[in-house]
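This report refers to the structure that appears directly beneath it.
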Amino acid sequence: MREATGVTRIFGWFLFVFMAFLLVFGIIEYQNIRTWVTDSVALYGFFAIFFISLFLDLFPQYLSAHMLIVIAKLANLNLSIVLFVTLAGTLLASILGFWLGRRFEENVFKDIFGKKVYKKIDNGINKYGKWYVTISAVSPLPYIPVLFGALDMKWKAFIIYGIIPRLLGFIATAVFAQYALLFILKFTGF
């Protein structure tokens, strides 16, 4: 466990408040953000996909970067390149978010829960949290690498139960978008 300096603690609290604001804003403005994401992908293509996937996976959002693959397929972008760009963005976001959580947010959570409760949470996340990380990595549940880092999950566990399933989930989404999405759209008449 690391003890924070004053600047580190202040930055951690600023980051926590900023992420909480983004989460609430994302829930309230879901439709507008979704429209903006769709328009950005159509206008800026692969650059937008990279930065949006980075942003959506770095900060807690109601939206998932998985939708970028579906939007890109509907926009007739090259799905292989879209997948590669999305994987790069989400990988960078996962690593950066986890590092930010371990570096700055651990002390914020200690302040919120107290050291004794935090220690119990810390033990639980390293014992059972890997399953939540795996489920959140491949499902619509919020995938929040900053939180996993702040709760002192081990790097190895995060890579095995978070990053690898997350990347595999994007690959599965691309396969779905390539083969099943057009069939479903034809079948439903859209």
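Every number here is computed from the coordinates shown, using simple stated rules; none is lab data. In this text, all values refer to a predicted model and were calculated from it rather than measured experimentally. Ideal geometry is used to build each Cβ from the backbone, glycine not excepted, and the neighbour counts take in all protein chains shown.
Couple of notes before you dig in:
- For the stretch 55-126, alpha-carbon Rg and Dmax in angstrom: 17.0, 53
- With only the Cα atoms considered, the chain has a convex hull volume of 120 Å³ per residue.
- Protection proxy ranking of 36-45, 91-100, by the mean of other Cβ atoms within 10 Å over each peptide's residues and highest first, is 91-100, 36-45.
- Between THR188 and THR35, the C-beta separation translates, for a Förster distance of 22 Å, into a calculated FRET efficiency of about 0.50.
- Between VAL175 and PHE18, the C-beta separation translates, for a Förster distance of 45 Å, into a calculated FRET efficiency of about 0.80.
- Relative to the current alpha-carbon distance between LYS156 and ILE81, full extension at 0.36 nm per residue lengthens the span by 24.2 nm.
- Lysine pair count for the chain (Cα-Cα distance under 27 Å; residues 8 or more apart in sequence or on different chains): 26.
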